[in-house]
Structures are given as C-alpha cells and as structure tokens.
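The values are calculated or read from the model by the stated rules, or taken from the named source; none is laboratory data. What you are looking at is a predicted structure, and each value in this text was computed from that prediction instead of being measured. Cβ placement follows ideal geometry from the backbone for every residue including glycine, while neighbour counts extend to all protein chains displayed. Side chains are part of the model used for accessible areas, which takes the heavy atoms of the whole protein and leaves out ligands, DNA and RNA. Shrake-Rupley method; radii C 1.70, N 1.55, O 1.52, S 1.80 Å.
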Amino acid sequence: AAGSAGGGALSSDDADGGVGLLGITGSAPGAVAAAATTATSSAVPPPWVAAALLRGWAPFDQLARLATDSLEKCVASRVSELLVSSNAASDWAPDSPPTAPSEASESLQVYLDGTLRFAAIVLPLRSAAGLARAALRAAADAMLAPLDSSAVKRFTMFGVAGLEQDTASLEAFADSLQDDIGGGGATLLRSALAAPRAIVRLLAGDHDLVTMEDEAATMDQSTMTSTGLPLDRLARILDKYKEVG
C-alpha cells in the first residue's frame, strides 16, 4: 500500500503488508502524524515517531497566550482608570512644586503591589514579568495622556515637578519588584516608565550632567517610538509647556 501525507511518501516496506512507517520522506509534523494514524491497528510506531509527535504537541499554547493577553488588557485598563480619572488640569499647573508623590500614584502602587505579587505566585515567571511590564507601560501612558488631550491646555515647571515625583516613586516600586517578578533578564522593569522619564529629563534635568549623547538618545525617533512617546506626540506635549509666572 502507498499513500502520501504532508509531502511525505509512504512505502509498503514491512513484510506483513501494513504501511511501512520507515518509508516516510520529509520531516514535516503533518507527515509524521499522518503516517502514525494510517498504520494498521496492529502496528506499533517506532520510538522516533512518538518523539516527533510529542515535540510538536502543545495544544494549550494558544489558549495560554489568549489568557495572558486578556489579563494584561484588564490590568492596563484598571491602571488607566486609577491615574487618568484623578489627573485634573490643575495638577499640571499647581501654585507650588509638589514635594511628594500624588495620591493617585500611591493608590496605583497599592493596587499593583497586590496584583503583581499574586501573579508571581500563580503564573509562570515569564507571564508574571510580562504582566508587570504591561502594567507599568500602561501607567506611563496614563501619566502623559492628559498632556496629549484637550483636558490640559498648559503645564508648568511645577507640573513637571509633580511628574518627577510620581515617576521616581513608580521607578522605585518597579525596582522593588525586579528580583521577584523581573524574570531574571537584563531588561529592567523600570524601563517601561521611559516615556515620563524622558519628559522630566528634557524639562527638569540637570543639564550640566546631561551629555550630548544623552540628548541624542532621548530624541532618537526609533527609541522614543518604542517607549510609547513618538516624536509627534512629544512635540504636542512640549507645545503646552509654559514657564512659571
């Protein structure tokens, strides 16, 4: 008997007249699977057939990815609600520079601390690290969202000082999670907060310590786009900046 599956030819090599599994040509998983199912019921697949089937057998991978994506979106949505809802226009032009993180930032950290540490217990480390980065990236986007909307007409140096307080506080929080949730990689969780840090660095940084290379890196289009702050968005934000007075 002869047949074909996934480009692999089957030959009648065995003496019993059954399908000759060793006559398979090609290594496509489909060919191996077809050969195994086409064999006579009395035939026992060689070990290499079973091994090939098991290597490509991951029936729950897609389900795991969908579940992880849904969880990241759910947490990101909650993060945005906690920050954007309390980001009033007055927060960006206060009468004096804030000297502590905002209540919204502190509430966010309480929420994230419980959520992400629980995730580190019940999820694989890689998934927990991805959730942490997604949550912090959502926080970074929500912190700047009012500046890129009609809700805020202008912001001042005192507003930037408030942004610095919140950014530094969240960076410290991200560092506290690094060993438990960071995934052991070289990429730090705080890198998800690169967008608000870039705004603070440009407007309130110590320019005596900022080198030309630092400035060039901050304004690099590919770098800024990857952190969620493409140059067109940066331009719209900076256009609203006004000095105090």
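Side notes on the structure shown:
- Filtered residue count, the range 134-169, keeping only those that are open to solvent by 50 Å² or more (accessible area, probe 1.4 Å) and under 20 Å from the mean Cα position of the chain (by Cα): 2
- Any hit, the range 95-102, residues being in a helix (DSSP H, G or I), in contact (Cβ under 8 Å) with a residue 60 or more places away in the chain and farther than 18 Å from Phe155 by Cβ: no
- Filtered residue count, the range 105-126, keeping only those that are free of Cβ contacts under 8 Å to residues at least 60 places away in the same chain and buried (at least 17 other Cβ atoms within 10 Å of the Cβ): 2
- Test for Ala64: is it more than 23 Å from Ser150 (Cα to Cα), modelled with pLDDT of 75 or more, among the small types (Gly, Ala, Ser) and in a helix (DSSP H, G or I): yes
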